[in-house]
Amino acid sequence: MIRSLLIANRGEIACRIIRTARRLGVRTIAVFSDADAKALHVREADEAVHIGPSPARESYLVGEKIIAAARATGAAAIHPGYGFLSENADFAQAVIDSGLVWVGPKPHSIRAMGLKDAAKRLMDEAGVPTTPGYLGEDQVPERLHREADSIGYPVLIKAVAGGGGKGMRRVNASEEFQDMLQSCKREAASSFGDDRVLIEKYILRPRHIEVQVFGDTQGNVVHLFERDCSLQRRHQKVIEEAPAPGMDEATRAAVCGAAVKAAQAVDYVGAGTIEFIADASEGLRPDRIWFMEMNTRLQVEHPVTEEITGQDLVEWQLRVASGEPLPLRQEELGITGWAMEARLYAEDPAHEFLPSTGRLDHFELGRHIRIDTGVEEGDRISPYYDPMIAKLIARGASRDEAIERLLDTLDQVEVWPVKTNAAFLARAAADPDFRAGEVDTAFIPSKIDSLVPDPSPSDAVWNLAANAMLAVEFETRGGSGFDPWRALQGFRANSEPDLRVALRHGAETRTVQIGRDEEVEGVATASGDAMLVFSEGQAFAFALPGHSGGAGGGGASDGTLLSPMPGRVISVDARQGDAVAKGQKLITLEAMKMEHSLVAPFDGIVAELNAAEGAQVTEGTLLVRIEKAH
Ligand code: ADP
């Protein structure tokens, strides 16, 4: 077994890999950028090496710096995680050439699967069913158009070099084809530097089914069954599960068998995923499921496979990379129970899912299910990287039980002031069609209005806040023996019926009458001069009228400048450590099609700066903190 491992990644996946490496007695080396100097993966690793500035292209994406870090620390192997350099065949080759072990497939396997058209051609040859379509070399627009016409609409135009849901256009009718082709090519050229496309039949009622495969250096390949990742927003996975609902043995045998064939065709070593698309208009059927692409790395959603098979896939990766055979043979693998994973993002569903950055002043996800995360309370969500903050992984004997457990956890997510999609996830998981296993990739887009929660508090939440405020009032008057700063759960106010509390949420002020024996769901907790209420995955901050309560933006008297509304940073005119004068412009935001300047409230030093040009920020994000000059 390799003795030491450098992890060329960050966040939850770096922490995930460290966990297994530590259990196996492997020394771990983290790498980090400026923004991650105090990140959890750095704190958890045995050693850590600084590899550059915050933008990934100057740190996590610079192969030479990572290999140099591995050399400097005497690491024996490099694990790339997912994203970043994980599917970069040149980097894999450079790792191998410098005498290190690459925890991943051979570079030629990565290359073979790197372009969608070449991969599909290869799969055709290997006898793996592929989505009907056109893969031709001839890219003349008129030819592409004729091919689309003969496939029959709707069709999907896909960039051959595409990935991450980018570079795809659905075309519903022949008249739209040329416009869609041009826009797809433009996006492909700017995102991937390659504007070639392929055309596929657009599958109606499509389900995304993928199969986990594993190969070793002895030539063995097994599958670890399927996952269903049909719940997607803008082609990005939101909730994944294993096994797939409605999967029968014949279809499973067909799709898992095809996946093994696909892996064998590219001489595959390590963890990989073969993605298929199924036409589920008449349920899952063995002859209606086609190869889409292969991801030559460990996937974000690998935990659901671990939960139903009882295996640790990172351990499998490290064993295979060390030259050991696969830990189990195909006939030793089986499925027990059901598992669901929800991706918790720092984003604001109520504002077009804009990423939300800032410090996690309050961060409590519960402890009853598996949670893979790379952050803790007090850590920062920076604008530089993917805003996923945790994966909530629930398992149960049945699908219903797994959903119940996931919902329990989602309802109790407490995160503040960073916004999350917890309530959105909870609504998706509680949806009757989802519960019935009626999933396809149109699920989220077709139900988006009912899935995005109302950002204003319900009457019950106002009541809970008022009750909790009252408890604080009692305490400040010395009247009761309450501990108002503890969390209040289902607080019962046995008080006079005409008690009234005035409080404010954002711009709205209400006077709430506290009834006798009032009982409400949720948790309230005091934070600074705000009362936070967490309810069904949402977070609300209330203030007594006249107090800022941390609930509104821009209370600059203490030197903190918060973004007044969701927007995009268009310029940053100060740097950390700068001396600035009262009224000096520090940051310009573009929000609601207007520019807003944030200026220094007094003379001082820029003590904290949490904004990068081009970054999206949500309302209430701490952008700058000025300390008074002494
Ligand atoms: P990427 O590499 O960008 O992730 P994929 O080829 O994996 O692109 O496709 C991403 C998603 O797009 C799939 O999960 C599926 O929801 C949808 N999709 C892909 N191909 C088709 C198709 N032929 N018909 C309908 N939907 C498709």
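Side notes on the structure shown:
- Accessible surface, the chain, averaged per residue in Å² (probe 1.4 Å): 41 Å²
- Region 430-468 and region 211-238: distance between their alpha carbon centers, rounded to Å: 29 Å
- log₁₀ of I(q)/I(0) at q = 0.13, 0.15, 0.17 Å⁻¹ - region 4-103, Debye sum with one point per alpha carbon: -0.36, -0.49, -0.64
- Accessible-area composition of region 132-201, carbon plus sulfur, in percent [1.4 Å probe]: 49 percent
- Values of log10 I(q)/I(0), in the order q = 0.13, 0.18 Å⁻¹, for region 132-201 under a Debye, Cα-only, solvent-free model: -0.28, -0.56
- Heavy-atom accessible surface of region 4-103: percent carbon and sulfur, 1.4 Å: 52 percent
- Amide H contacts under 5 Å for ILE570, placed H, 5+ residues apart: THR588, LEU589, GLU590, GLY614
- Cβ charges +1 (Lys, Arg) and -1 (Asp, Glu), total dipole of the chain, debye: 1160 debye
- 0 to 90° range, to nearest 10: angle between helix 399-411 axis and the chain longest Cα axis: 40 degrees
- Protection proxy ranking of 279-285, 293-299 - average other beta-carbon atoms within 10 Å, highest first: 293-299, 279-285
- Whole-Hz ³J(HN,Hα) from phi, Karplus 6.51 cos²θ - 1.76 cosθ + 1.60, for region 74-80, glycine and proline x: x, 5, 8, 8, 10, 9, x
- Between the amide H of ARG370 and those of ILE393, ARG395, distances stay under 5 Å, these residues lying 5 or more places away or on another chain, with hydrogens modeled in the peptide plane.
- For the chain, the Stokes-Einstein estimate of translational diffusion at 20 °C and a viscosity of 1.002 mPa s comes to 81 µm²/s, using the Kirkwood hydrodynamic radius over alpha-carbon pairs.
- Ordering 372-380, 116-124 by mean Cβ neighbour count within 10 Å, with the highest value first, yields 116-124, 372-380.
- Ordering of 409-415, 191-197 by burial proxy (mean other Cβ atoms within 10 Å per residue, highest first): 409-415, 191-197
- Helix 11-23 axis versus longest C-alpha principal axis of the chain: approximately 70°, rounded to the nearest ten.
- Nearest-ten-degree value, helix 63-73 long axis tilted from longest Cα axis of the chain: 80 degrees
The values are calculated or read from the model by the stated rules, or taken from the named source; none is laboratory data. All values derive from a computational prediction rather than experimental measurement. Positions of Cβ are backbone-derived with ideal geometry, glycine not excepted, and every protein chain shown enters the neighbour counts. Note: accessible area is taken over every heavy atom of the protein model, side chains too, but ligands, DNA and RNA are not part of it. Shrake-Rupley method; radii C 1.70, N 1.55, O 1.52, S 1.80 Å.
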